[in-house]
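The values are calculated or read from the model by the stated rules, or taken from the named source; none is laboratory data. In this text the structure is predicted, and so the values were computed from the model without any measurement. So basically every Cβ, Gly included, is an ideal-geometry build from the backbone, and we count neighbours across all protein chains shown.
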Amino acid sequence: MSKLYVIPTPIGNLKDITLRALETLKEVDEILCEDTRTSGRLLKHYDIDKPLKAYHLNNEHKIKDRVVEKLKLGTVMALITDAGTPAISDPGYLLIRECVNENIDVEVLPGATAFVTALVASGMPCEKFVYEGFLPHKKGRQTRFEAMAIEPRTIVFYESPHRLLKTLNSLVEFCGPDRQISVSRELTKMYEEIVRGTTTEALAHFTKNAPRGEFVICLHGVK
């Protein structure tokens, strides 16, 4: 019977993968992944030898229909990303939607997601929050900061190292110099760091210490 398994992978530490995820990866016929080299290292670490097929933002529109047709023929596939849960700021949504529309069984396994780890570690309210993913680079960017300035819930989003200082400057400008913030980088990895304090303090820290790695920002809601 055809099925698509959606399987989270570790966000850093390779031990952060479930036994069920490993068992499922060993049983499927084929694995869809963002980068065959990155996923290849993970699979090799756990002695899993399965065909890998690249499925990423640059080709998902082009190949998703072929993947669905293959699933209809009875192929059992797993969808993974380089790190974290597929479809959460990563490829996967389009394929999952198409499988649902075609009545192909989709089973999602629980597992690692960077923004949840960062949110819990921030010490900010977690019962209600807003997840923004990656902010727009240009068009609509200012509008998002204006919305953050009046948002009462905790706000969580991702940022790249080369845009971090620009983003922190904007947060100081739009949300104020004393708004509480938590900036996490390289979660679960050797150089994990969580900087908590005000927007001004976070900006000063990363101005002094060049941003490196992948970042998750948690911004306290307006009081």
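In segment 16-29, which residues are in contact with a Ser or Thr (Cβ under 9 Å, 6 or more places away or on another chain), of a type in the set (D, E, K, R) and either buried (at least 16 other Cβ atoms within 10 Å of the Cβ) or without any contact (Cβ under 8 Å) to a residue 40 or more places away in the chain (or both)? Asp16, the sole residue that qualifies. When segment 129-141 is examined, which residues are found to be surrounded by fewer than 13 Cβ atoms within 10 Å (Cβ to Cβ) and either free of Cβ contacts under 8 Å to residues at least 40 places away in the same chain or under 15 Å from Ile181 (Cα atoms) (or both)? Selection gives Pro136, His137, Lys138, Lys139, Gly140. In segment 85-109, of all residues being aliphatic (A, V, I, L, M) and touching a Phe, Trp or Tyr at 6+ places or on another chain (Cβ under 9 Å), the one that is nearest to Lys64 (Cα to Cα) corresponds to Leu95.
Let's see how each residue does on (1) assigned by TED's automatic domain parsing to the domain that holds Ala118; (2) of a type in the set (Lys, Arg); (3) touching an Asp or Glu at 6+ places or on another chain (Cβ under 8 Å); (4) surrounded by 15 or more Cβ atoms within 10 Å (Cβ to Cβ):
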site	(1), (2), (3), (4)
Thr167	yes, no, yes, yes
Asp178	yes, no, no, no
Ser182	yes, no, no, yes
Thr188	yes, no, yes, yes
Ile194	yes, no, no, yes
Thr198	yes, no, yes, yes
Ala202	yes, no, no, yes
Ala210	yes, no, no, no
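For segment 1-31, a residue qualifies if it is of a type in the set (Val, Ile, Thr), within 22 Å of Arg97 (Cα to Cα) and within 22 Å of the chain's Cα centre (by Cα), and the qualifying residues are Val6, Ile7, Thr9, Thr24, Ile31.
Within segment 176-200, being closer than 22 Å to Ile150 by Cβ and out of contact with any Pro (no Cβ under 7 Å at 6 or more places or on another chain) holds for Gly176, Pro177, Asp178, Arg179, Gln180, Ile181, Ser182, Val183, Gly197. For segment 18-48, filtering for residues that are part of a loop (DSSP other than H, G, I, E, B) and either basic (Lys, Arg) or touching a Phe, Trp or Tyr at 6+ places or on another chain (Cβ under 8 Å) (or both) leaves 2. On inspection, Val67 passes the criterion of being assigned to a helix (DSSP H, G or I), closer than 16 Å to Ser2 by Cβ and either touching a strand residue (DSSP E or B) at 6+ places or on another chain (Cβ under 6 Å) or not assigned by TED's automatic domain parsing to the domain that holds Ser182 (or both). For segment 32-64, a residue qualifies if it is over 23 Å from the mean Cα position of the chain (by Cα) and loosely packed, with under 12 Cβ neighbours inside 10 Å, and the qualifying residues are Asp47, Asp49, Pro51.
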